[in-house]
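Reviewing the structure listed below.
The values are calculated or read from the model by the stated rules, or taken from the named source; none is laboratory data. Computed from a predicted structure; not experimentally measured. Cβ atoms come from the backbone with ideal geometry, glycine included; neighbour counts cover every protein chain shown. Areas reflect the complete protein model, heavy atoms only, side chains present, ligands, DNA and RNA absent. Shrake-Rupley method; radii C 1.70, N 1.55, O 1.52, S 1.80 Å.
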Amino acid sequence: MPQDDLTMSAQLLLESVEEENADLREAWEQLERILNTMRAEGLQPPEDLLKLEERMKADFAADNSGN
């Protein structure tokens, strides 16, 4: 997939996460797909997406440990 398409997908994802009613679990799965595709194609994911990945990973780990 061309880098421009991946970048656009990532931008749309970020916009959806900013919405109050966003399904964060679905956003997480979509982010993982985008980043995995970028990595598989030898592209360096943008730093903001890597930070979002780490933040979401930590949030989900905290949620799961509290259950």
Can you confirm whether Q44 is assigned to a loop (DSSP other than H, G, I, E, B), out of contact with any Cys (no Cβ under 9 Å at 6 or more places or on another chain) and open to solvent by 80 Å² or more (accessible area, probe 1.4 Å)? yes
Restrict the check to the stretch 56-67 and report whether at least one residue is modelled with pLDDT under 80, open to solvent by 40 Å² or more (accessible area, probe 1.4 Å) and not in a helix (DSSP H, G or I). yes
Which residues, counting only those in the stretch 1-41, are open to solvent by 40 Å² or more (accessible area, probe 1.4 Å), in a loop (DSSP other than H, G, I, E, B) and modelled with pLDDT under 90? M1, P2, E19, E20, N21, D23
